[in-house]
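Worksheet: one structure, shown below.
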Amino acid sequence: MAKAKNQAKKAPGKASPLSSQRGHEIQPYGTLARAPIGLGANVRAASVEALNQLLADTCTLRDLYKKHHWQVAGPTFYQLHLLFDKHYEEQNDLVDTIAERIQMLGGITLAMAADVAETTIIPRPPKGREEVPVQISRLLHAHEIVLEEARSMARQAAEAGDDGTNDLLVSDVIRGNEKQVWFVSEHLVDVPLVKAD
């Protein structure tokens, strides 16, 4: 019996987690790993740099949707609460798609909120609650920034022969953001609710 107790105490157990491990980065940010995908390092590096900017701005747009989802108020609360959350989820999917493309190209993605905040070009909103028209205008401005970037990046990727990045930008980022702009901007149309003019 004593022998069994001693064995239990001595056995470090392979099932025990090896927490508190520290080490060095295996790939620093801003470098490229080899990616045998038929694109030169210069093309991949340019796409990675552009996509990381777009990633930071898409993360920011996504988070604006969540902020407004939580803080929306007024007669359209329910509709906008649901719409903002739906668009948040769609932007979150875009974040993942953009990040995966960066990794496919051999790059390293921005991943932490502080890095995103440092990189984004979308203006930071106040911490407090804003009126619905201001929330919507802020979202539309952020979409416009993302769309202008994505169109420019798509042209550059096409010219460089990076068809995968071009396709992602056109098929996912541009079309998805344009559709969200349409849904959101319709909430700023000043039309009568009960009686026509």
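Some observations on this one:
- Surface/4 of the Cα convex hull for region 95-143, nm²: 4.4
- When each full DSSP H helix of the chain is screened for a Cα extent of at least 24 Å along its own axis and an average Kyte-Doolittle hydropathy of at least 0.0, the helices passing are 132-160.
- Using alpha carbons only, the radius of gyration of region 1-130 set against its Kirkwood radius gives Rg/Rh = 1.22.
- Computed over protein heavy atoms with a 1.4 Å probe, the carbon and sulfur contribution to the accessible area of region 76-197 reaches 54%.
- For the chain, the solvent-accessible area works out to 64 Å² per residue, with a probe of 1.4 Å and every protein chain left in place.
- Radius, Kirkwood style, for region 113-196 when every pair of distinct Cα atoms is counted (Å): 15.0
- The chain: relative contact order in percent, alpha carbon pairs under 8 Å with at least 6 residues between: 25
- Total lysine pairs whose alpha carbons fall under 14 Å of each other in region 1-142 (8 or more apart, or interchain): 4
The values are calculated or read from the model by the stated rules, or taken from the named source; none is laboratory data. Source: prediction; values computed, not measured. Please note that ligands, DNA and RNA were not included when accessible areas were found on the heavy atoms of the full protein model with its side chains. Shrake-Rupley method; radii C 1.70, N 1.55, O 1.52, S 1.80 Å.
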